[in-house]
Amino acid sequence: MRTLRPALTHPPELLLKAQGIRAAIFDVDGVLTDGQLYISEAGETLKAFNALDGHGLKLLAAGGITPVVITGRDSPAVRRRLSDLGIRHAAFGVHDKVAAAEPLLAAVGAGWDSVAVMGDDWPDLPLMLRARFVVAPAQAHDEVQAIADFVTRRTGGHGAARECCDLLLMAANRYAALLTGPLQTLDDARTAPAAGAGSPARAAGTAAAAASAASGASHAAAAAHAADPADRGAVDPGAAA
């Protein structure tokens, strides 16, 4: 049987600079996607995401670094994707990303000196100027790449975010342990948070299932009471539910 050993390496000085990260902020368009916008008369209904990135974001959370998403656009597709990944700290349709970041970072107990930022365009620059560590995808604007500590080999939506996650995990000395730990699918809607923390559609589906189960229990109880003469005329406690 072959032995797994980390093949990925980074310069020691880069890993040193990326140490101490507690939260990582990601843009969506151009970072988690390739930046293409598919807009029809019904609006923006489709976005393409990368499974490498999704698994990386789940690994990042498992490694103790909280993923945060701040995006200037909003769409049901983005909300669904983040819900499937279990990402609870996010802001959508944001114009001022710094203002949106402050309460999100406070909620996870991270100051700017323990934050990494990955973005691709000018609206991300104010976040990057404050962050401890800055990552840009390969196709990012020149001004963004100019201040980045690390520019990925892959482009946005094609594994760039995974490169960022791997680097941060390696700097946190968690990469090797995750590689040699249980290797299973993490990027799966079934691993998303329970209803209430996820999407309204999932919460509604869960509520409908609960209502259906309650209705079935009520009918079963009523049938049992009708079959037992001693119970006839008794109040069915399930009927009130």
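Descriptive notes on the structure:
- Residue in the stretch 93-104 that is surrounded by fewer than 22 Cβ atoms within 10 Å (Cβ to Cβ), of a type outside the set (Val, Ile, Thr) and closer than 18 Å to Cys165 by Cα present: no
- Residue that is least open to solvent (accessible area, probe 1.4 Å), among those in the stretch 47-84 that are more than 12 Å from Val31 (Cβ to Cβ) and touching a Gly at 6+ places or on another chain (Cβ under 6 Å): Ser83
- Single match in Thr71, Thr66 (criterion: closer than 24 Å to Trp112 by Cβ, in contact with a His (Cβ under 8 Å, 6 or more places away or on another chain) and polar (S, T, N, Q)): Thr66
- Qualifying residues in the stretch 106-130 (those that are surrounded by fewer than 21 Cβ atoms within 10 Å (Cβ to Cβ) and touching a residue at least 40 places away in the same chain (Cβ under 8 Å)) - the one nearest to Asp29 (Cα to Cα): Asp121
- Test: residue in the stretch 173-190 that is open to solvent by less than 20 Å² (accessible area, probe 1.4 Å) and at pLDDT 95 or above: no
The values are calculated or read from the model by the stated rules, or taken from the named source; none is laboratory data. Since the structure is predicted, the reported quantities are computational estimates derived from the model, not experimental observations. Please note: Cβ atoms are built from the backbone with ideal geometry, for glycine as well, and neighbour counts cover all protein chains shown. The accessibility values were calculated without ligands, DNA or RNA, using every heavy atom of the protein model including side chains. Shrake-Rupley method; radii C 1.70, N 1.55, O 1.52, S 1.80 Å.
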